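The values are calculated or read from the model by the stated rules, or taken from the named source; none is laboratory data. Keep in mind it's a predicted model, so treat the numbers as computed, not measured. Heads up: the accessible areas ignore ligands, DNA and RNA and are worked out on the full protein's heavy atoms, side chains in. Shrake-Rupley method; radii C 1.70, N 1.55, O 1.52, S 1.80 Å.
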Amino acid sequence: MSTVQTDIEQLQMKMAFQEDTIESLNQALIQQQKQMDDLQFQLKQLVSKISAIEPSNMASEKEESPPPHY
């Protein structure tokens, strides 16, 4: 009977360890999901800002030809 009791105690210890490990992994997964959500939000904000920027119709000074009276 003592070996059965020992086996049961070992199984209970293993189960407690696994439950702790699963909880730790779950917390890490929750944290990573939050980070991914934050990064996706930031990426959408950047894409919308970049989309809103219109290219300038004016050429730079280097590309601009001199006026005809020069």
Legend entry - All-pairs Cα distance distribution in the stretch 1-53, expressed in whole percent, bin size 10 Å: 21, 21, 17, 15, 12, 8, 4, 1
Inset, instruction - Calculate what fraction, in whole %, of the accessible area of the stretch 1-48 sits on carbon and sulfur atoms when a 1.4 Å probe is rolled over the protein chains. - result: 63
Legend entry - Extension reserve of the ASP37-ILE8 stretch, reckoned as 0.36 nm per residue once the Cα distance is removed: 6.2 nm
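At 0.36 nm per residue, and after removing the present C-alpha to C-alpha distance, how many nm does the segment from SER48 to GLU19 gain when stretched out fully?
Difference between extended and current length: 6.1 nm.
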